[in-house]
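Structure, as structure tokens:
The values are calculated or read from the model by the stated rules, or taken from the named source; none is laboratory data. Just so we're clear, the structure is a prediction, and the values are computed from it rather than from any experiment. Glycine also receives a Cβ, built like all others from the backbone with ideal geometry; neighbour counts cover every protein chain displayed. Ligands, DNA and RNA are stripped out before the accessible areas are found, and what is left, the full protein with its side chains, is counted by its heavy atoms. Shrake-Rupley method; radii C 1.70, N 1.55, O 1.52, S 1.80 Å.
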Amino acid sequence: QVQLVESGGGLVQAGGSLRLSCARSGRTISGYSMGWFRQAPGKEREFVAAINWNGANTYYADSVKGRFTISRDNAKNTVYLQMNSLKPEDTAVYYCAARRGIATMSSRDFDSWGQGTQVTVSS
């Protein structure tokens, strides 16, 4: 399994921005497709965004399209989630995940997970 550590969460007002980071300490993320998922209290974990191992393709949930951007920097072993125009409904714990092969939108396809970072958007 790949050990992942998320950071960058926090409290922000509606309309604000945050950038989440997910790092694999000391080891490369090359060859791994990366995804971001989120889970709000009392709800199922849901897909947010994913990026292929080669960075050629990105995928987004309809609820975040046009507001969130996923990117990766293999040299820094880090994947990012830039979140703009945040809404109270974006409040959740955000998880980073990794898998070999192409990116998918299903959490069941990812086999390595971070511990999560809390994002809270106030109205």
Task: Failed condition for ALA75, given (1) surrounded by 13 or more Cβ atoms within 10 Å (Cβ to Cβ); (2) small (Gly, Ala, Ser); (3) under 21 Å from ALA23 (Cβ atoms) - done: (1)
Task: Sole exception among (1) in contact with a Gly (Cβ under 8 Å, 6 or more places away or on another chain); (2) assigned to a strand (DSSP E or B) for VAL79, by number - done: (1)
Open item on the list: Checking the conditions here, which among ARG99, ARG19, ARG38 is part of a strand (DSSP E or B), over 20 Å from VAL121 (Cα atoms), in contact (Cβ under 8 Å) with a residue 24 or more places away in the chain and of a type in the set (Lys, Arg)?
Closed with: ARG99
Task: Filtered residues of the range 47-57 (kept if free of Cβ contacts under 8 Å to residues at least 24 places away in the same chain and either part of a strand (DSSP E or B) or of a type outside the set (A, V, I, L, M, F, W, C) (or both)) - done: ASN54, GLY55
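Here's the yes/no breakdown for (1) of a type in the set (Ser, Thr, Tyr); (2) open to solvent by less than 60 Å² (accessible area, probe 1.4 Å); (3) more than 12 Å from TYR32 (Cα to Cα); (4) at pLDDT below 95:
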site	(1), (2), (3), (4)
TYR60	yes, yes, yes, no
TYR80	yes, yes, yes, no
SER85	yes, no, yes, no
ALA92	no, yes, yes, no
TYR95	yes, yes, yes, no
ILE102	no, no, no, yes
Task: Residues within the range 62-71 that are surrounded by 16 or more Cβ atoms within 10 Å (Cβ to Cβ) and either within 17 Å of GLU44 (Cα to Cα) or out of contact with any Ser or Thr (no Cβ under 7 Å at 6 or more places or on another chain) (or both), tallied - done: 3
